[in-house]
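Values in this text are rule-based calculations from the coordinates and carry no lab data. No experiment lies behind these values; they were computed from the predicted model shown. So basically every Cβ, Gly included, is an ideal-geometry build from the backbone, and we count neighbours across all protein chains shown.
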Amino acid sequence: MVTKTDSNQNDAEPEEIIDLETDSNQNEAEPEEIIDLENEEEPIEEEEEVKELTPLEQLQEEVRLKDEALLKQKDTFLREKAELENFKKRLAKEKEDFVQFANERLLKELVQIEDNMERAMSAPNATLESLKEGIEMIQKQFATFLKNQKVEPIEALEKPFDPNLHEVLNQQESDEHEENTVIQEYSKGYTLNGRILRSAKVVISKKPSKEEDAEDS
């Protein structure tokens with residue numbers, strides 16, 4: 001009976017070997033699943049590839065890009081144009097203000113001279129001498145004002161006639177002066193920063209006539 005039992009146990013061993021082989025077959029099937037996963041990823045990579053454009057589509061894309069660039073340039077142009085218009089308006093306003101108020105400082109100084117003139121004229125019990133002194137002081141104040149404004153008088157008396165500086169109102173015969181010498185000044189001339197502001201109005205000399213010379217002889 002013992003011998004039979006051992007033989008039965010020995011006969012059962014091949015069944016266990018068959019089960020192991022089945023397990024090994026299951027393990028060998030796993031790489032097939034990996035291969036399937038790799039095969040499934042390949043279509044995804046193909047979908048990510050950039051689609052080539054046809055010549056017509058390329059042309060349309062170029063036109064679209066150029067239209068966008070043109071719109072940007074147009075927007076920049078409109079902004080710069082608006083800024084230029086605003087600058088012109090601001091410049092015109094500043095120019096208008098300058099014309100209206102350019103002489104503001106100048107007039108303030110003139111008003112002070114006018115104040116002194118009124119005080120001199122309205123002074124009580126003013127004598128001729130005191131009035132003269134007041135006018136002399138105002139005249140000095142006005143001369144200082146002109147100097148501060150770069151206004152200088154033109155020296156004319158006893159100077160040779162200069163058409164750039166002098167305006168001749170008359171001629172007088174003179175033995176004491178050379179011909180075309182300024183012998184009288186009706187009104188002063190002035191320069192502003194070296195430029196003629198007003199010519200001096202003068203009388204110049206001329207040689208005596210020959211008839212007078214003959215009478216004297």
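Among 89-96, 160-167, how do they line up from the highest to the lowest mean number of other beta-carbon atoms within 10 Å? Write down the numbers at each step before the final one.
On the way: 89-96: 10.0, 160-167: 13.8.
So the order, starting with the most tightly packed, is 160-167, 89-96.
Quick query: amide H of SER187 versus all other amide H atoms, modeled in the peptide plane; which residues come in under 5 Å with a sequence gap of 5 or more or a different chain?
Residues meeting the criterion, in which the H sits 1.01 Å from N, are LYS201.
Could you calculate the contour length gain from LEU110 to GLN60, that is, 0.36 nm times the residue separation minus the distance between their Cα atoms, to one decimal place in nm?
Values: separation 50, 0.36 × 50 = 18.00 nm, distance 7.54 nm.
Full-extension gain reported as 10.5 nm.
Tell me the net charge near VAL168. Cut-off is 12 Å between Cβ atoms, VAL168 excluded, with +1 for each Lys or Arg and -1 for each Asp or Glu. Before the final figure, lay out each step's value.
On the way: positive: LYS201, LYS206; negative: ASP162, GLU167, GLU185.
The answer is -1.
Describe numerically, in nm with one decimal, the distance between label points set 7 Å from Cα along Cα→Cβ at ASN193 and at GLU176.
The modelled label-to-label distance comes out at 4.1 nm.
What's the local net charge at LYS188, with K and R +1, D and E -1, over the other residues with C-beta under 14 Å away?
Around LYS188, the charge tally is 0.
Applying a 10 Å radius around every beta-carbon, put 126-134, 179-187, 198-206, 145-153 in order of their mean neighbour count, most first.
By packing density, highest mean first, the sequence is 198-206, 179-187, 145-153, 126-134.
Please list the non-local residues whose amide H lies under 5 Å from the amide H of ASN180, H modeled 1.01 Å from N, same-chain partners needing a gap of 5 or more.
HN-HN under 5 Å from ASN180: SER205, LYS206.
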